[in-house]
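Take a look at the structure set out below.
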Amino acid sequence: MDKLGMITIGQAPRTDVAPIVERALEGRAELIQAGALDGLSFAYIQEHLSPSPGEYVLTSRLTTGESVVISREKIQPLLQEKITRMEEQGIRTILLLCTGVFPGLHTRTAFLIEPDHVLPPVIKAMSGGRRVGLIGPLEEQKDNLKLKFNPHGMNPGFAAASPYSSSEEEFRHAAGQFKDQADLIVLDCMGYTDVHRELAARYAGVPVVLSNALIGKLVSEMV
């Protein structure tokens, strides 16, 4: 059986979202998981990997269920190490489980699927010039998440609700901001689940794209 590597910027296994990707694979490939923060404690992550002023902010989930806010600049070497190790294990297709932008990640010959390269042009084509709204985890991610859509002629709206820590009421408030203000919503984080998609669709009244489901379906064609 073929193998698909999946690397989270948090800790593996991602029992919350792995089933969404596995559903897309339809049993054609085994999902092999790794995480940039594997083996690190919550206290260590907070002390050494939290964002400093001006750094690119990310958030992810630990195997304990806790969420952490981390710096791209500080975790990228750990992430590259996991990618390299996975390729050395013979895995030929590797999915990055994050929609953030990571300049310079690379493999020697394996396919590295980075959702930030895939999501904006696909959403551009799907939306057909209609109004797009983004829901992302943190308010401080607003500018960076919107920025990756700008080269595609898009200026999406933004609302914050974390897949890891926000209540249903907070999610209702975020999705409700797009009521009559967007024609399509994108859940712009690989940590959202079908529950979040259903909530957003209910409170905004428009179609909602679950990023990990969309990317999973596309990547499934490569295995």
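Every number here is computed from the coordinates shown, using simple stated rules; none is lab data. A quick note: this is a predicted structure, and the numbers were derived from the prediction, not measured. Don't worry about glycine lacking a Cβ; one is built from the backbone with ideal geometry, like all the others, and counts go over all protein chains shown.
From most to least packed by mean Cβ count within 10 Å, the peptides 81-90, 60-69 give 60-69, 81-90.
Shown is the FRET efficiency for Ser41 and Lys217, computed with R0 = 41 Å from the Cβ-Cβ distance and rounded to the nearest 0.05: 0.70. Taken about its Cα centre, segment 154-223 carries a charge dipole of about 60 debye when Lys and Arg each add +1 at the Cβ and Asp and Glu each add -1 at the Cβ. Averaging the sequence gap over all C-alpha pairs within less than 8 Å and six or more residues apart, then dividing by the number of residues, gives the chain a relative contact order of 21 percent. Separation of segment 118-165 and segment 43-64, taken as the distance between their Cα centroids, equals 22 angstrom. The alpha carbons of the chain give a radius of gyration and a Dmax of 16.7, 49 Å, in that order.
Looking at the chain, what % of its DSSP beta bridges pair antiparallel, to the nearest 5? Rounded to the nearest five, the antiparallel share is 15 percent. Straight-line cross-link partners of Lys142 among the lysines, defined as a Cα under 30 Å from its Cα and at least 8 positions apart when in the same chain: Lys74, Lys82, Lys124, Lys179, Lys217. Residues in segment 114-150, backbone N under 12 Å from the label point at Arg23 (7 Å along the Cα-to-beta-carbon vector): list them, ranges by number please. It comes to no residues whatsoever. Here the calculated FRET efficiency for Glu140 and Asp180, from their Cβ-Cβ distance with R0 = 25 Å, stands at 0.40, rounded to the nearest 0.05.
With runs of 4+ DSSP H residues as the only contributors, calculate the mean residue ellipticity of the chain at 222 nm using -39,500 (n - 2.57) per run, divided by the residue total and rounded to the nearest 500. One gets -10500 deg cm²/dmol as the mean residue ellipticity at 222 nm. Scoring 39-45, 113-119, 91-97, 27-33 by mean Cβ neighbours within 10 Å over their residues and listing the highest first yields 91-97, 113-119, 27-33, 39-45.
Here Glu168 and Glu88 are evaluated by their C-beta separation; at R0 = 45 Å the FRET efficiency comes out at 0.60. With the simple spin-label model, which puts each label point 7 Å out from Cα in the Cβ direction, the Met1 to Lys124 separation comes to 3.7 nm. In this label model, Glu198 and Asn150 are separated by 3.8 nm, measuring between points 7 Å along each Cα→Cβ vector.
With no solvent and one equal point scatterer per Cα, compute the Debye intensity ratio I(q)/I(0) for segment 117-210 at 0.22, 0.24, 0.25 Å⁻¹ and report its log10, rounded to two decimals. So the normalised log intensities are -1.09, -1.30, -1.40.
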